[in-house]
Structure formats: structure tokens, C-alpha cells
Amino acid sequence: MSSKRMTTVSVIKADVGSLSGHHIVHPKQLELARQKLEAAREQGLIVDFHVTHCGDDLELIMSHLRGQNNEKVHELAWKTFKEVTERVSKPLKLYAAGQDLLVEAFSGTVKGMGPGVAELEFEERASDPLVILLADKTSPGAWNMPLYKIFADPFNTAGLIIDPALHGGFIFEVLDVHEGLSVRLKCPEEIYDLLALIGDPNRYIISRVFRHDGLPAAASSTARLSLIAGRYVGKDDPVCIIRGQHGLPAVGEILEAFALPHLVPGWMRGSHHGPLMPVSVNDAQNKCTRFDGPPRVVALGFQVCNAALVGPADLFNDPAFDGARSKANEVADYLRLHGPFIPHRLGPEEMEYTTLASILDKLKSRFKKTE
């Protein structure tokens, strides 16, 4: 690690209850979370913060000098989620209050406890733009295709061809969520091996990306709630941090990966495929209502300055993405016509963690051997 001061950006999210079903956070939840993080900033625990939401998920964006997996920072997030649950969600009888808080006692990190977390520690450059992606009604594998396009596809990222700093490629860290193992693959040399894995986003998830020289470029949340709880307890609703410009993909190249609303698992009851729609955080479209969706992503742009967060810019608040939103609605119409049939409904491996499993168990005894 460099002897120079390292900045850490931590994005920690949780569904701690929502207004009118799996819809949107309540303003009082945001207000209390801001109060908690402001007190932590005054105490010097964190340098800066931004509290926001994506659909029904409360999102805590924090910058600090304490490194990744810092117990005090994670405890701050955990206590904030717990207090919002107890003081706002439960008294207002908000839906699924405390849904993502799967255990009672904090154990040093929020990983494995329900909330999603993405963290990136880095030495600040002369100018350090960040894009923070927040998704709702989908799972961590939703980032696989965009991260591949951003860091490995020259048809998306022109800098891979024309910028000498990017020409050496990127290293992808891929997590096997079933086995708890990870592997690092160097692209473009191992691009086919990478695609062989991440083409199955239910099992293999891109967790981190580094430039060929080791510069940290991206980090995503990888928590799978169903694998933690052993049953369906809501969709994971992942977050992702991506650094841009100055030897990394440009912000426009990062956003371009979402011009295609690609299919992701999640949507209604976490049991359906749907298009990932890029939306503005302030747009009414950010309120997930149609069949509890469709799945969506918000992009917030920041500048990091001496560990402070300058911004954010609401990056998908741009008519240039109207076409992607229109396409997402068209795809949603098409998929909805399939009703309970695959491929709209997820395949059996994913559905075994939902309430469908109990329905199938009830029918097992009625099956008879055919002659």
C-alpha cells in the first residue's frame, strides 16, 4: 500500500421498509439517516456522505480515511439501518420493515448480514471522477454485462483502442457465490474465459476491476440474500462504484454500457427476468410500480476532493437515455405477455429460493410413475 493518504468510498444499502409495498423509501427514513451520518461526520468518523435511495432501498454513500471493511464505518451503517427501522419504518408500519437486516447483533462487518456493500480504496489522482450505480429489483450479477462492456469491449469503450493508458487492458476479479471462491482474469488475453464465467450471472459475479497495472477501477456488491437466508427475503438490489477518466474509461463510456436495457433477474417477487432501465433519481420513473418494476438503475456522478464528495450529478437525467427507457418498456411489454412461463419467470435454480418451492413440495406426493 502507498504511504500516501488513501481515500475510501463505501456504499452500503439496505431495504429497511418502504411506502406502499416494494415502492419507495419514506422521506422520514432519509431524514433520520442524514442526521445519523451528519453526526458521524462531526465526530470525525467519516469525511463526507450522501444519503439517497433507489426505489425502496436506502443508500448510504460515505467517504473516509479508514480503509475497506472498517468495523466503525460498517457499524455506523448497521446502526443507522437499525435505528431507521425502529424509529421510522415500524412506527409507520412501512412494508417489509427491516427486511435486509437478517441478523440481530452486529459482528464487525455488514457483509453476510443482509445489507449490500461496495467499497473502493484508492490514492486520489489530480482529478478523480466517480460514478456510483444503484439498482433496484435485481441481483449483483446485473453488473456483469455493463462492467464487461465498460472495461473490455472496444465497441463500447473507445479508450481501449485509442488511449495508451487503457490499451494494456483490465483485470477482472470474479466471485463464485456458490463456492465462495474468486479468480482474477486478465483481459483482453483471457476474455473468452471471463465470458465463460460471467455469462452465468446467477453464480459468477464481477466483484472488482483493476487496470493492468493494479490501479483500482471498480467495485460492486456481491451479497446474495437468498444464499445468506436460505430462502427468498427480497432481491439484492446491488450497488457499484466506478472510477472514470485520466487513464480509465470516460464517464460517457461508463454510461454508454446502459444504453442497452439488458435482461436481469429480479422484478416481481424476485422471480422474473426484466430489462434494466436507466432512470433519474429524481424522476417519477424511479418509483418501482409496474409489476414492482421493471428493474432500474440510477447513476450518480461525484468528484472526490481530499476525501470529500463533490456532487452528485444525476447522470441518467438526460433525454439521450429516453431511447433506452422506451426500449425497456417495449421489452417489459413483451416479457409480461409470457405470464408465468419461462423465460419471463426465472429458471428452477433461482426459483428454488422463492415461495414456489413450497407449492412444488405439496405436489410431490401426487406424482405417479408412468408405465
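The values are calculated or read from the model by the stated rules, or taken from the named source; none is laboratory data. Computed from a prediction, not measured in an experiment: that's the story for all the values here. Cβ: placed from backbone, ideal geometry, glycine included. Neighbour counts: every protein chain shown.
Just one of (1) modelled with pLDDT of 95 or more; (2) buried (at least 18 other Cβ atoms within 10 Å of the Cβ); (3) over 17 Å from the mean Cα position of the chain (by Cα); (4) not hydrophobic (A, V, I, L, M, F, W, C) fails for G17. It is (1). Of the residues making up the stretch 294-309, one or more are of a type in the set (G, A, S), buried (at least 16 other Cβ atoms within 10 Å of the Cβ), at positive phi and modelled with pLDDT of 95 or more. Please indicate, with yes or no, whether at least one residue in the stretch 335-343 is within 30 Å of R66 (Cβ to Cβ) and more than 18 Å from the chain's Cα centre (by Cα). No.
Based on what the data block shows, is M277 under 20 Å from D57 (Cβ atoms) and either among the aliphatic types (A, V, I, L, M) or without any contact (Cβ under 8 Å) to a residue 40 or more places away in the chain (or both)? Judged against the criteria, M277 is a match. Kindly provide the set of residues from the stretch 57-97 that are farther than 27 Å from T8 by Cβ and touching a residue at least 24 places away in the same chain (Cβ under 8 Å), ordered by number. Hits for the stretch 57-97 are R87, V88, S89, K90, L92, L94, Y95, A96, A97.
Please verify whether the stretch 326-336 includes one or more residues that are in contact with a strand residue (DSSP E or B) (Cβ under 6 Å, 6 or more places away or on another chain) and in a loop (DSSP other than H, G, I, E, B). The answer is no; no qualifying residue exists. Working only within the stretch 158-201, note down all residues that are more than 17 Å from G247 (Cα to Cα), touching a residue at least 40 places away in the same chain (Cβ under 8 Å) and touching a strand residue (DSSP E or B) at 6+ places or on another chain (Cβ under 7 Å). Correct list: L175, V177, L194, I198. Pull up the stretch 40-56, narrow it to residues that are within 20 Å of the chain's Cα centre (by Cα) and touching a residue at least 40 places away in the same chain (Cβ under 8 Å), then point me to the one that is nearest to R5 (Cα to Cα). Filtering the stretch 40-56 for residues that are within 20 Å of the chain's Cα centre (by Cα) and touching a residue at least 40 places away in the same chain (Cβ under 8 Å), the one nearest to R5 (Cα to Cα) comes out as F49. Of all the listed residues (F302, F316), the sole one being within 30 Å of D128 (Cα to Cα) and either aliphatic (A, V, I, L, M) or assigned to a strand (DSSP E or B) (or both) is F302.
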